[in-house]
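Asks: Starting off with a structure, shown below.
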Amino acid sequence: VFFFFSSRRRHTRCSGVSWARRCVQETGYQRRVHGVIGGGPGGYVASIKAAQLGLKTACIEKRGALGGTCLNVGCIPSKALLNISHKYEDSIKHFKDLGIEMDTPPKINFDQMMKKKGEVVSGLTKGIEGLFAKNKVEYIKAHGSFLDKNTIKCDQNEGGERIITATNIIIATGSEPAPFPGIPYDEEIFVSSTGGLALKKIPKKMIVIGAGYIGLELGSVFARLGTDVTVVELSLIHI
């Protein structure tokens, strides 16, 4: 049995366009360095808009891929798996009604399914990198931390340390899976939403704790693939 916990803990979010415009207004449209920590939907949009408005901009992202939770381990891979599993379920339950007959029943190649999900994600993250290049946003693959209000230490993914200074800094560090009391994630049996998107095989049984959209989407995917899925939710108003 796999246990899947679908709750997430928020850090900070920003509305990228509005923050970028405010920073430009405060600097009098002068060309100054602008720093963004986080390359998700808030951070990468803020970075691009700031650069378009004339600020020399650097975006710091530790994941090694732009797009944040939504693109890498959230909405996009989840929707890719929903689409594939829906087509699979259609082929089993509805093709015959539509006059489509097959000599042998379809079967799932789970490895190929997950590979396709990865290709969808990779294509979109590369697209954001292309927008950064087009708008001359510097992309720093690193963990950023403050030394003071205008100085960021970047511990780079490939090793080494870099210090950058910025007149304005946006913190757009997004969210991470919320811990479940007393049960640490091992991402094999007890999995977060991130681990649920990277399983190595189709489980026979799955318990989804939390009936938000994250839990119900992944629960739907595996139910279509044949998993016996049980959803546990404290309150009906959260479904």
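The values are calculated or read from the model by the stated rules, or taken from the named source; none is laboratory data. Here the structure is a predicted model, which is why all the values come from computation and not from measurement. A quick note on method: Cβ atoms are made from the backbone with ideal geometry, for glycine too, and the neighbour counts reach across all protein chains shown. Keep in mind that these areas ignore ligands, DNA and RNA; they rest on the heavy atoms of the full protein, side chains included. Shrake-Rupley method; radii C 1.70, N 1.55, O 1.52, S 1.80 Å.
Residue-by-condition table, conditions (1) open to solvent by 80 Å² or more (accessible area, probe 1.4 Å); (2) out of contact with any Asp or Glu (no Cβ under 8 Å at 6 or more places or on another chain); (3) under 30 Å from Gln52 (Cα atoms):
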position	(1), (2), (3)
Asp90	no, yes, no
Lys96	yes, yes, no
Gly99	no, yes, no
Thr125	no, yes, yes
Asn135	no, yes, yes
His143	yes, no, yes
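Asks: Go over the candidates Gly64, Gly42 one by one and state the one that is modelled with pLDDT of 65 or more, open to solvent by 10 Å² or more (accessible area, probe 1.4 Å) and part of a loop (DSSP other than H, G, I, E, B).
Replies: From the options Gly64, Gly42, the qualifying one is Gly64.
Asks: Spot the failing condition for Pro105; the list is (1) open to solvent by 90 Å² or more (accessible area, probe 1.4 Å); (2) modelled with pLDDT of 95 or more, and only one is missed.
Replies: Evaluating Pro105 over (1) open to solvent by 90 Å² or more (accessible area, probe 1.4 Å); (2) modelled with pLDDT of 95 or more leaves (2) as the failure.
Asks: Every residue in the range 45-61 that is of a type outside the set (S, T, N, Q), open to solvent by 30 Å² or more (accessible area, probe 1.4 Å) and part of a helix (DSSP H, G or I), please.
Replies: Passing the criteria: Val45, Lys49.
Asks: With respect to the numbered conditions (1) modelled with pLDDT of 95 or more; (2) of a type outside the set (S, T, N, Q); (3) closer than 22 Å to Val36 by Cβ; (4) out of contact with any helix residue (DSSP H, G or I) (no Cβ under 6 Å at 6 or more places or on another chain), which one is the sole condition not fulfilled by Gly118?
Replies: Among (1) modelled with pLDDT of 95 or more; (2) of a type outside the set (S, T, N, Q); (3) closer than 22 Å to Val36 by Cβ; (4) out of contact with any helix residue (DSSP H, G or I) (no Cβ under 6 Å at 6 or more places or on another chain), Gly118 violates only (3).
Asks: Would you point out the residue of the range 216-231, among those that are touching a helix residue (DSSP H, G or I) at 6+ places or on another chain (Cβ under 7 Å) and either exposed (fewer than 13 other Cβ atoms within 10 Å of the Cβ) or without any contact (Cβ under 8 Å) to a residue 60 or more places away in the chain (or both), that is farthest from Gly118 (Cα to Cα)?
Replies: Top of the filtered list is Val231.
Asks: At least 1 residues that are free of Cβ contacts under 8 Å to residues at least 24 places away in the same chain and touching a Cys at 6+ places or on another chain (Cβ under 6 Å) in each: list the strands (runs of 3 or more DSSP E) lying fully within the range 83-198 that qualify.
Replies: 161-165
Asks: Residue under question is Leu234, and the condition is that it be open to solvent by less than 60 Å² (accessible area, probe 1.4 Å), of a type in the set (A, V, I, L, M), over 30 Å from Val36 (Cα atoms) and assigned to a loop (DSSP other than H, G, I, E, B); does it hold?
Replies: No, not satisfied.
Asks: If you go through the range 204-215 one residue at a time, how many are in contact (Cβ under 8 Å) with a residue 24 or more places away in the chain and within 18 Å of His86 (Cα to Cα)?
Replies: Number of matching residues: 2.
Asks: Any residue that is of a type in the set (A, V, I, L, M), modelled with pLDDT of 65 or more, within 21 Å of the chain's Cα centre (by Cα) and in a loop (DSSP other than H, G, I, E, B) - is there at least one of those in the range 15-37?
Replies: No, that holds for no residue.
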